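A.B. asks: I'd like to ask some things about the structure below.
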Amino acid sequence: MLIETTDAHFAALIAGGAPEGLTVAEGGVETPEMLEMLRDLSATVGEEFAPNAWMIVEDGEVVGLCSLVRIPYVGDTVMIGYGVAESRRRRGIARRAVADLLDWARADYRVSVVTAETSIHNAPSQRVLEANGFTRSGERTDEEDGELFCWRVEV
């Protein structure tokens with residue numbers, strides 16, 4: 001299940017706690033530095049587009065995060081990113097979360113295309129996208145992330 005992430009949720013996660021009424025996966029969902037970056041990204045994207053960040057919650061536990069990684073572009077195209085706590089990987093959580101994100105996108109009149117990028121070495125994430133109907137649309141090199149496959153699906 002996806003729960004829209006508020007600034008207060010990010011603050012709780014950054015402080016090493018859990019948003020009210022939830023627990024957090026063993027080991028946390030991400031480093032404090034990455035959570036700060038995601039919090040800032042959500043605030044920036046949120047100036048023009050909301051919702052834009054969600055907690056991935058299973059059985060009352062925050063097990064990951066997903067979000068838009070930039071302000072929508074080409075009018076109706078959003079780019080997503082997602083991550084699952086290391087202690088909760090290989091359980092189908094990312095696949096289900098991306099499916100839920102696509103359900104949201106299909107219901108939002110502002111969105112008709114969803115894109116994503118994966119490292120060329122991240123086969124599990126590639127399988128998540130393929131399982132959700134994404135097709136590879138290209139490749140690019142990023143200064144920080146290296147060689148990437150580009151993905152897209154029309155909703």
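The values are calculated or read from the model by the stated rules, or taken from the named source; none is laboratory data. Bear in mind the structure is a predicted one, so any value in this text is a computation, not a measurement. Neighbour counts are summed over all protein chains in view; Cβ atoms, including those assigned to glycine, are modelled from backbone coordinates with ideal geometry.
A.B. asks: Do we have GLU144 as closer than 24 Å to THR44 by Cβ and in a loop (DSSP other than H, G, I, E, B) here?
C.D. replies: Considered against the rule, which asks whether it is closer than 24 Å to THR44 by Cβ and in a loop (DSSP other than H, G, I, E, B), GLU144 comes out as yes.
A.B. asks: Further question: Count, please, the residues in region 122-136 that happen to be loosely packed, with under 13 Cβ neighbours inside 10 Å and either closer than 17 Å to LEU2 by Cβ or free of Cβ contacts under 8 Å to residues at least 24 places away in the same chain (or both).
C.D. replies: Qualifying residue count, region 122-136: 2.
A.B. asks: Could I ask something else about it? For the structure I just gave you, tell me whether GLU20 is of a type in the set (D, E, K, R), in a loop (DSSP other than H, G, I, E, B) and over 25 Å from ARG127 (Cβ atoms).
C.D. replies: Considered against the rule, which asks whether it is of a type in the set (D, E, K, R), in a loop (DSSP other than H, G, I, E, B) and over 25 Å from ARG127 (Cβ atoms), GLU20 comes out as yes.
A.B. asks: Which condition from (1) touching a helix residue (DSSP H, G or I) at 6+ places or on another chain (Cβ under 7 Å); (2) closer than 24 Å to LEU22 by Cβ; (3) polar (S, T, N, Q) is the one that SER87 breaks?
C.D. replies: (1)
A.B. asks: Any residue in region 92-110 that is touching a residue at least 24 places away in the same chain (Cβ under 8 Å) sitting within a Cβ distance under 6 Å of a residue that is part of a helix (DSSP H, G or I) and among the hydrophobic types (A, V, I, L, M, F, W, C)? List the pairs, counting only those 6 or more apart or interchain.
C.D. replies: Listed by first residue and then by second, the contacts come to ALA94/VAL128; ARG95/VAL128; ARG95/ALA131; VAL98/VAL128.
A.B. asks: May I pose another question? When both residues are 6+ apart or on different chains and their Cβ atoms are under 6 Å apart, which pairs have a first residue that lies in region 23-45 and is surrounded by fewer than 19 Cβ atoms within 10 Å (Cβ to Cβ), and a second that is among the hydroxyl-bearing types (Ser, Thr, Tyr) and outside any loop (DSSP other than H, G, I, E, B)?
C.D. replies: GLU26/SER87; GLY27/SER87
A.B. asks: I've got another one for you. Residues that are part of a helix (DSSP H, G or I), modelled with pLDDT of 95 or more and under 21 Å from SER137 (Cα atoms): does region 73-95 have at least one?
C.D. replies: The answer is yes; a qualifying residue exists.
A.B. asks: While we're on this one: Which residues, counting only those in region 105-118, are surrounded by 18 or more Cβ atoms within 10 Å (Cβ to Cβ) and not in a strand (DSSP E or B)?
C.D. replies: Residues satisfying the conditions are ALA105, VAL111.
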